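*Asks:* Here it is: the structure, laid out below.
The values are calculated or read from the model by the stated rules, or taken from the named source; none is laboratory data. Model, not experiment: these values are computed from the prediction. Positions of Cβ are backbone-derived with ideal geometry, glycine not excepted, and every protein chain shown enters the neighbour counts. Just the protein is used for accessible areas: all its heavy atoms, side chains included, with ligands, DNA and RNA removed. Shrake-Rupley method; radii C 1.70, N 1.55, O 1.52, S 1.80 Å.
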Amino acid sequence: EQTTKLQGRNDVKQIRIQSESDFATVGVLLDAAKLKETPNQGIHIEYTIQTAGLAQIGWIRVPTTSKDDVEIFLPNSDTGDGVGDDNVSFGYDGSRKLKFNGGTDTAYGSVQCSKEKELVEWNAGDILASWCRRSTDGKTIEIGYLLNGNDLGVAFSIAAGSNDFGYYPALSLNLGEVVDINLGPEFSHDVKEGCVGVSHLSKTSSDERHEEEVSSTPEAKSCDDAPPQKRPRDEDSTTMSRAASANTSAAIDTFDLNNCSSVQELLKLGSDRLKSILLSMGIKCGGTPEQRADRL
């Protein structure tokens with residue numbers, strides 16, 4: 001946890017996340033009971049972009065109780081599959097100025113500049129907020145983003161069923177990338193209309209203690225409890241220096257793709273070399289050697 005002073009507001013604790021695998025994914029667990037109590041309540045979360053590299057930040061949809069609703073989110077660091085790379089997750093990457101869903105990517109992230117709208121790239125220190133809520137007519141689920149308080153608009157509009165609202169915040173990070181997560185209730189910028197901070201709907205340690213006290217059998221305990229977390233570092237210097245070191249080494253390890261004329265030639269470089277080249281270019285580095293070479 002990192003304590004941050006927000007302008008004109010109280011100190012807030014943010015959770016610092018650093019990816020130590022090729023494409024690590026982190027999700028924020030919400031309390032299913034609280035979601036059922038307020039199915040039309042939107043959710044708002046905020047991130048501080050620390051290293052400004054490749055990341056896919058957004059939401060994952062969990063299956064409802066319908067027997068026909070069976071598709072679940074299955075991230076895979078080894079293959080480079082994360083938030084936005086399947087049909088039930090939705091992501092945005094400000095380093096590439098793209099949004100992702102279902103294996104496709106589309107340009108996203110425009111703000112008004114002078115007379116025209118322009119796609120903007122996020123930078124280290126930027127504040128990215130994301131929100132997820134039902135539309136006013138209740139027919140769709142809307143997901144959108146704000147960068148440093150500037151509304152980037154609705155990124156995704158998904159047909160909404162009559163079942164429970166089940167979208168959870170999640171993000172996938174390339175190796176070495178660092179992002180701080182602010183669950184609220186205090187945020188750097190105003191909460192999106194119709195939404196509350198994630199902290200209002202997340203499962204807390206007091207909720208878990210209460211469940212343990214009232215549960216007569218182990219089976220009665222909620223199955224979505226988070227596993228015990230490692231004790232956070234006392235300070236952030238070690239984490240940030242490691243990230244900076246990883247990014248620096250990747251930046252030095254450049255490669256001229258004109259030296260290769262085919263995927264087969266790239267494969268001869270070996271898996272680790274392909275990975276370092278991808279990192280130096282700010283591209284997903286996970287996957288088999290064939291997938292890495294094909295991506296290049």
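*Asks:* At R0 = 25 Å, how high is the FRET efficiency between Asn87 and Ser110 if r is their beta carbon distance? Nearest 0.05 is fine. Please report the intermediate quantities before stating the final value.
*Replies:* Working: r = 25 Å, r/R0 = 1.00.
Efficiency computed from Cβ-Cβ geometry: 0.50.
*Asks:* Report, in listed order, any pair from Lys97/Lys117; Lys139/Lys192; Lys115/Lys192 with a Cα-Cα distance greater than 21 Å.
*Replies:* Working: Lys97/Lys117 13 Å; Lys139/Lys192 19 Å; Lys115/Lys192 25 Å.
In this structure, Lys115/Lys192 exceed 21 Å between Cα atoms.
*Asks:* Here is a further query. Considering only DSSP states other than H, G, I, E and B, which trypsin sites (Lys or Arg not before Pro) in region 55-160 qualify as loop sites with at most 15 other Cβ atoms within 10 Å? Working shown, then result.
*Replies:* Details: sites: Arg61, Lys67, Arg96, Lys97, Lys99, Lys115, Lys117, Arg133, Arg134, Lys139; in loops: Lys67, Arg96, Lys97, Lys115, Lys139.
Of the trypsin sites (Lys or Arg not before Pro), the ones in loops of region 55-160 whose Cβ has at most 15 other Cβ atoms within 10 Å are Lys67, Lys115, Lys139.
*Asks:* Let me ask something else. If the reach is capped at under 17 angstrom between alpha carbons, list the lysines near Lys13, excluding any in the same chain fewer than eight residues apart.
*Replies:* Cross-link targets: Lys5, Lys203, Lys230.
*Asks:* With a 1.4 Å probe and all protein chains left in place, how much accessible area per residue does region 14-61 have, in Å²? Please report the intermediate quantities before stating the final value.
*Replies:* Details: 1590 Å² over 48 residues.
I get 33 Å² per residue for region 14-61.
*Asks:* I would also like to ask the following. May I have the convex hull volume per residue, in Å³, for the Cα set of region 42-133?
*Replies:* Details: hull volume 11.4 nm³, N = 92.
Normalising the Cα hull of region 42-133 by residue number yields 124 Å³.
*Asks:* Right, another one. Sort Thr38, Thr48, Thr104 from largest to smallest accessible area, using a 1.4 Å probe on the heavy atoms of the protein chains. Please list the in-between numbers first.
*Replies:* Numbers: Thr38 55, Thr48 15, Thr104 80 Å².
So the residues, ranked largest to smallest area, are Thr104, Thr38, Thr48.
*Asks:* How would His189, His44 line up by accessible area, probe 1.4 Å, largest first? Could you put the intermediate results ahead of the total?
*Replies:* Details: His189 65, His44 0 Å².
Putting His189, His44 in descending order of accessible area: His189, His44.
*Asks:* Multiply the residue separation of Lys13 and Ala33 by 0.36 nm, subtract the distance between their alpha-carbon atoms, and state the gained length in nm to one decimal.
*Replies:* Numbers: separation 20, 0.36 × 20 = 7.20 nm, distance 2.48 nm.
In short, 4.7 nm is gained.
*Asks:* Go through region 30-45 residue by residue and turn each phi into a ³J(HN,Hα) via Karplus (6.51, -1.76, 1.60, θ = phi - 60°); whole Hz please, and just put x for glycine and proline.
*Replies:* Taking θ as phi minus 60°, the curve returns 10, 7, 4, 5, 5, 5, 5, 5, 10, x, 9, 7, x, 10, 10, 9 Hz for region 30-45.
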